[in-house]
Amino acid sequence: MFHILFLSVIFSLSNVVTSLQSPLIDSQWKLNLDVGLQPGTWMPKRFPGWAESGARLGLDISIQFTDQPSSTAETLVGPKSDTFQLKLCNSSSKFVSEFGEQSVEFSDMGGWCIQRPTGDVRNAAGSFVKPEGLLRFWIDCKSGAKRRDVEIFPDTRIFFTTGVWDDQSLVSIQKQEYKKALSEIESIAEKTRKTRQEAKEKEKKNIVEDVITFRQMVQDSKDYDMLKARIQRLEKELPPPKSPTTSDGLVKIAPTGSLVIKGNKIPDWLPGSEYLILGTFSALAIEKE
């Protein structure tokens with residue numbers, strides 16, 4: 001499971017490729033928001049009783065990434081120079097609560113930016129990963145929404161973060177390297193099994209043969225460790241299986257991303273500012289309307 005969280009890497013990013021150069025521009029996506037308790041969230045501490053029943057709130061919205069510069073910026077999302085307008089294709093969503101069908105209203109526009117991580121970042125599952133880019137964006141929920149004890153408060157800005165791969169030529173090279181490394185490590189493992197089996201079958205061996213065999217096994221062990229490290233690195237960098245993909249195959253997004261909100265009104269550049277985990281979301285590429 002690939003849950004992108006990335007709350008602790010706001011200042012450890014470098015925009016190597018700008019958002020404006022990404023084939024993500026003009027693409028449309030359907031988002032499914034899953035709001036409720038998540039591991040590590042402080043929502044119940046800031047808002048006692050929030051989602052303690054285990055209830056979930058699900059909302060669907062459709063968005064489009066435009067190339068129009070945004071008039072505002074958010075520190076978590078990225079610098080203003082690389083932030084662009086996010087268009088909501090439908091500014092309302094519906095869900096069923098204990099009071100029947102409810103309507104939720106969103107602002108027509110949000111903002112988005114792609115940042116490029118310079119190092120590993122931790123995902124919601126606790127693993128370190130290094131996606132090609134971090135896609136961050138926000139939308140404003142004007143009306144708020146509530147289902148049992150799960151609530152999005154009125155006039156809440158919701159921040160989305162997920163992994164994005166928008167250079168498929170690089171992904172193709174990484175996949176080839178990954179397959180080659182897997183093949184080589186399997187060859188070493190098979191060779192080691194064969195060597196050990198031969199050693200068991202031989203009752204006697206001279207000292208020279210022992211030394212040669214030992215040296216070869218030591219070298220194989222070093223090669224194995226190097227290949228294992230390469231495989232682990234590539235697994236961090238490659239898009240996860242079943243990542244949603246645009247119809248032209250140019251953009252992949254991680255299967256699951258994170259939702260956060262600001263926990264207080266303290267500016268990001270001052271001590272004490274915080275973000276609270278609101279839930280997760282998934283995305284599905286859709287044909288442009």
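For the reader, a short list of remarks on this structure follows.
- Applying the criteria of a DSSP loop state and at most 14 other Cβ atoms within 10 Å to the GluC sites (Glu not before Pro) of the range 38-122 yields GLU52, GLU98.
- Taking amide H atoms as placed 1.01 Å from N in the peptide plane, the amide H of VAL251 lies under 5 Å from those of THR246, each 5 or more residues away in sequence or on another chain.
- Taking amide hydrogens as placed 1.01 Å from N in the peptide plane, the amide H of GLY144 sits under 5 Å from those of GLU105, ASP155, THR156, each at least 5 positions away in sequence or on another chain.
- Here the simple spin-label model places points 7 Å from the Cα toward Cβ, and for THR66 and LYS175 these points are separated by 3.4 nm.
- Partner aspartates and glutamates whose Cα lies under 19 Å from the Cα of LYS194, excluding those fewer than 8 positions away in the same chain, are identified as GLU184, GLU186, GLU203, GLU209, ASP210, ASP220, ASP223, ASP225.
- Heavy atoms of ARG193: accessible area, 1.4 Å probe, square angstrom to 10: 120 Å²
- For TYR224, TYR275, the ranking by accessible surface with the largest value first comes to TYR224, TYR275, using a 1.4 Å probe.
- Interchain or long-range residues, amide H under 5 Å from LEU278's placed H: LEU259, VAL260, ILE261
- For the residue pairs LYS94/LYS252; LYS87/LYS130; LYS30/LYS179; LYS265/LYS288; LYS142/LYS242, alpha carbon separations beyond 30 Å are given by LYS30/LYS179; LYS265/LYS288; LYS142/LYS242.
- With all protein chains modelled, accessible area of CYS141 [1.4 Å, Å²]: 0 Å²
- Solvent accessible area, Å² - LEU250, 1.4 Å probe, full protein context: 80 Å²
The values are calculated or read from the model by the stated rules, or taken from the named source; none is laboratory data. Nothing here was measured: the structure is a model prediction, and the numbers come from that model. Using ideal geometry, Cβ is built from the backbone for each residue, glycine included, and neighbour counts are taken over all protein chains shown. Quick note on the areas: whole protein, heavy atoms, side chains included, nothing else; ligands and nucleic acids left out. Shrake-Rupley method; radii C 1.70, N 1.55, O 1.52, S 1.80 Å.
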